[in-house]
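Have a look at the structure below before the remarks.
The values are calculated or read from the model by the stated rules, or taken from the named source; none is laboratory data. Bear in mind the structure is a predicted one, so any value in this text is a computation, not a measurement. Cβ: placed from backbone, ideal geometry, glycine included. Neighbour counts: every protein chain shown.
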Amino acid sequence: MGSVGFAVRDSAGTVRYSNLTEANSYEAYVGLSKDISLNLSASDISAYKRVGNDLHVVLANGETLVLKGYYVEIQAGEKQLYLSENGQLMEVELEDAASGVLDADYASVAVGEKWSAYDQLVFLDVERVEPVVAPLIAPALSGLGAAVGIGGAAVVGSTILGGGGGGSGQPVTPTVDDADLDRIVGGTADADVTITGTGAPGSEVTVDIGGQTVTTTVADDGTWSATFAQGDMPADGVYAAVVTVVDPQGNSFTLDGPSVDIDLTAPVIDVQDGTQSTGDLVNGDDYSAGAVISGTGEAGATVEVSIAGVTQTTTVGDDGTWSVTYAAGELAEGEYSSEVTITTTDARGNVTVVSDTLVVDTVAPAAAVQAVETDDVINAAERSDGVTINGTGEPGATVSVELQGATYSTTVADDGSWSVNFAAGDIPSGTYESTMTITTTDAAGNSASSSHTVQVDTENAVAIASGQAGGDDILNAAEAGSAVAITGTGEPGSSVEVTVAGVTRSATVDDNGNWSAVFEAGSLPAGEYDTTVSVVSTDAAGNTATASSSLRVDTIAGQVALSSQPIEIDDTINAVERDGGVDISGTATPGMTVTVGLGTATQQVVSDAAGNWSVTFAAADVPTGNATLPVTASITDAAGNSASASDTVNLDTLVENFATSGALIEGDDVINAGERADGVTLTGTVEPGSTVSVQMGAVTHAATVDGAGNWSVDFAATDIPTGTYNAPITVTATDAAGNVSVLNDSVAVDTDVDNLAIATDQTADDIINAAELAAGVTLTGTVEPGAVVQVTVEGVTQTADVDVNGNWSVTYAAGSLPEGTYEATATVSATDLAGNTETLQDTFQVDTEVDTPDVDSVTFSGQDVRRFSTENSADDYLVNTLESNGAVGDPNYVQTSDPVFGTEFTFASPVSDGTHLVISSSDAAGNSSGTLLVLEDNATNAGTVENTGLAGFDISALNLEYAEDTDLSLSEAQILAMSGTSDELTVHGGADDTLNVSGAIKTGDTRDIDGQTYDVYTVGDSGATLIVEQDINVII
């Protein structure tokens, strides 16, 4: 074997050249290379294989080149393999696979252009080799030599292995692609077989498979392909393909082709058991055990049996048999036929489909039994002549009936009817329940059993209970006068006919075996006689039984009567008569015991020989009240017959309906002054015809009683003393029967408001100043507990709080009373719980006004302040210094007053420049007001309105006239904080002063102060007012 030249280029573009020879085992490491070019053509290569990370290039002569590390990843991306010969370059695209033989595609690469990127990878024929300029060391290839062409020249070609390539003139050895890869034909495999390979262009290629041949020619690209269609295949079997190649020079090559496995025959399938074709069906037992379909087929083939959408799959055994089982529930029950589709597939995938029919009959035959002896009851008469059992069923089915151990069978007739006969001896006599079992079997072998219950009743009994008619077998008048029940026992459900003295009534024996025949009142003849009770019973089965007993009838009683004379002369018992006892008399059958009743009380007496009787009821036996009492007299003879007489008597021991009015007197049971003045009327009710007298306190008046029993009486104001007390009330009534009744009550009299007063001094000095008015004014006093107190001051009325001890208080909040200097009157009005009203008044002084100091002049000593004066001279003054740091000082000064020049303040030591002054005035009422005299030019908020030292003063004015170019900002909160109780701030100044006021509204109103005009502003929503001299610049 010769050598194969190759070139490699790394990711940096460096190219190295060498040869693969036997000396290096035809191996080269290319793990760090980007491009690899082999001096070969496509026809020189029979296969590419991946082995781990190595690429094996199998040559047509059988040798293998190994490019080790070909599949080692590098940063530059995937490697690229090229083939180059005779100045041409082919790019090789290999199949992306993890191992094994790889498919390859080839694409020509253009290298004709000058300075092509591929020039260094191109191999030329030896005749066109350019001179070698210098060797290039390639250490990465373990010392393999290389040569580099000049300019665009390519690498010198190496000697070609074996034959082919490089223009050596040797014949091209043909190849068969994938000769070791078996070809499968039939079933799911391809129907055609294609065999390919390589060879010298123009060579004739003949492929033989089992005697069938296909001839083709090698194309110009050195490849060939031969296809066997399905119709060109030999019979089923496994064949080795033989390839014969004759090249254009006449050289002949015989090559081994792949193995071809042919199986185009569909498998055979046959059903042997379980379907209609085999004469089988599925009955109920088969269905429960599992329906089985079986047959024969090709060993190893799969069999799918589908019935009504349910498929079972199995495999034909080695003995050629198969079977499937449909478990209970997989197929529907009933009577029907369903198509069976059987599909068999052999190992190659050839398929055979046959159809059959599955017959299903899982329905057991029904057998119905008609009512035995029409009512499912066998009585004695029916048993004696034998019993026939009738029913219906499936024609042709057999029916077996078992009753009381005896069994008879028959066949259902074509019309669906059947019957069996049981003799009298088959059915024991007595009363019991018996269950017969009916078993029926159809032609398919399905069997069903059912049961039917009959009653056997050949017995009956009846009896009459002893002690009829109240337990003594004697029917008296009272018993005959109501329903009479004759009772006894018998078989439950039996009908009973009862006859007494020719009168018959019916009854039915209940579930407990008892019966009762009712003879309605008066249905049996009256008198005194003996008679027989006769009873005939018929049970539900028609069996009969009889019974009889004796009965005595006695319905005649004696006589009894009440005296016709009125009780207590007028048939009315009053209280006095009740207390003396009440006599009642009458007549009765001589010697009879008479029971006499008055109301709920009773007494017994025996009538004398003449038939007279009399009893007395003591007071304890007679109730009190007004009512009508029943009066009775009764006798009872030995047979229990009774006679009675009745009457009534009036009872009147009370004055009826006697009461005072349910309404409260004067609406609340309290008589106040106004109600007393109008007079008081008391009312009530009494028994009509009665007289009524009423005493209230010490005064008694007779009431007027109308026909309906309503009474009323009037008491004048003079009858009712004034004051606060309880007046007793006594009402006495006497009714027409002479009964007397008394009612006691009382009423409260309250005509005064007690303890109403107001505190003498509302403050310590009874003068309310501005601070006290701003803090809220509280008035206090006393009153009767529970009273309502209203206080009115300056037209403002408020309701006071009254505690449980009668102390009252009311507070007038800040702003509810006007400011100023005046005398105020408090009017206090109290209304007590009784509705009495009383009013009192008190006066107190209000003084909320004080003059704000007005600085008239300031005397400077240099920049310091020596003296200042005010216009006013009537109030007390206090002067303080105010430093920018908030410190407040008490300077020494001499105060002098003059009616013309006002008040002057001369400091013992001048007040230094930058120190402000606070001048405060106060009056006798305790009101105070101050002026902040600003003495620093260019003053701002920091040392003035925001000075912490102002917290101890009520500042009503700012004087900016003695400081130049002040610039202050004011807010509602600042105005309210500085001004104290007045909520008003006046600012004096000039055109060089500026005020910035947030939330201010110019009202349009003005004020005149010392001949100067001031504008009025409202600031915010809490009542702050700002009064500013018009010369001052105001910015809102």
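Annotations
- Residues (in contact (Cβ under 8 Å) with a residue 24 or more places away in the chain and in a loop (DSSP other than H, G, I, E, B)) located in the stretch 77-94: K79, N86, G87
- Residue check: T453 meets all listed conditions (1) closer than 30 Å to R552 by Cβ; (2) among the β-branched types (V, I, T); (3) surrounded by fewer than 16 Cβ atoms within 10 Å (Cβ to Cβ) but one, namely (1).
- Selection status of I74, buried (at least 16 other Cβ atoms within 10 Å of the Cβ) and in contact (Cβ under 8 Å) with a residue 12 or more places away in the chain: no
- The set of residues in the stretch 978-1016 that are outside any loop (DSSP other than H, G, I, E, B), hydroxyl-bearing (S, T, Y) and more than 22 Å from D965 (Cα to Cα) comprises S979, T1003, T1006.
- The residues on offer are A774, A748, A764, and the sole one that is out of contact with any Lys or Arg (no Cβ under 6 Å at 6 or more places or on another chain) and assigned to a helix (DSSP H, G or I) is A774.
- Among the residues of the stretch 36-70, those that are part of a strand (DSSP E or B) and not aliphatic (A, V, I, L, M) comprise S37, S46, Y48, K49, R50, D54, H56, T64, K68.
- The set of residues in the stretch 624-653 that are surrounded by fewer than 16 Cβ atoms within 10 Å (Cβ to Cβ) and not in a strand (DSSP E or B) comprises T624, G625, A638.
- Any chance A266 is within 21 Å of T313 (Cβ to Cβ) and either in contact with a strand residue (DSSP E or B) (Cβ under 7 Å, 6 or more places away or on another chain) or at pLDDT below 95 (or both): yes
- Subset of the stretch 283-312 that is under 50 Å from the mean Cα position of the chain (by Cα) and among the β-branched types (V, I, T) - its residue that is farthest from T265 (Cα to Cα): V310
- Top-ranked residue of the stretch 769-828 - restricted to ones that are acidic (D, E) and within 57 Å of the chain's Cα centre (by Cα), ranked as nearest to F844 (Cα to Cα): D801
- Residue tally, condition on the phi > 0 side of the Ramachandran plot and not aliphatic (A, V, I, L, M), over the stretch 439-487: 5
- Looking across the stretch 466-480 at every residue that is of a type outside the set (D, E, K, R) and out of contact with any Leu (no Cβ under 7 Å at 6 or more places or on another chain), the one that is surrounded by the most Cβ atoms within 10 Å (Cβ to Cβ) is identified as N476.
- Residue in the stretch 564-578 that is within 26 Å of E528 (Cα to Cα) and surrounded by 12 or more Cβ atoms within 10 Å (Cβ to Cβ) present: no
- Residue selected from the stretch 302-324 under the condition without any contact (Cβ under 8 Å) to a residue 24 or more places away in the chain and part of a strand (DSSP E or B), by the criterion farthest from T343 (Cα to Cα): V310
So that you can scan it fast, the table gives a plain yes or no per residue for (1) in a strand (DSSP E or B); (2) over 60 Å from the mean Cα position of the chain (by Cα); (3) buried (at least 20 other Cβ atoms within 10 Å of the Cβ):
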{"position": "T852", "(1), (2), (3)": "no, yes, yes"}
{"position": "S884", "(1), (2), (3)": "no, yes, no"}
{"position": "T903", "(1), (2), (3)": "yes, yes, yes"}
{"position": "S920", "(1), (2), (3)": "yes, yes, yes"}
{"position": "D937", "(1), (2), (3)": "no, yes, no"}
{"position": "V945", "(1), (2), (3)": "no, yes, yes"}
{"position": "A951", "(1), (2), (3)": "no, yes, no"}
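- When G1023, G990, G999, G1004 are checked against the criterion of being modelled with pLDDT under 90, surrounded by fewer than 20 Cβ atoms within 10 Å (Cβ to Cβ) and not hydrophobic (A, V, I, L, M, F, W, C), a single residue qualifies: G1023.
- Residue within the stretch 835-842 that is buried (at least 16 other Cβ atoms within 10 Å of the Cβ) and outside any strand (DSSP E or B) present: yes
- Residue in the stretch 290-301 that is in a strand (DSSP E or B), surrounded by 13 or more Cβ atoms within 10 Å (Cβ to Cβ) and of a type in the set (S, T, N, Q) present: yes
- The set of residues from the stretch 604-622 being of a type outside the set (S, T, Y) and touching a Ser or Thr at 6+ places or on another chain (Cβ under 8 Å) comprises Q604, V605, V606, G611, N612, W613, V615.
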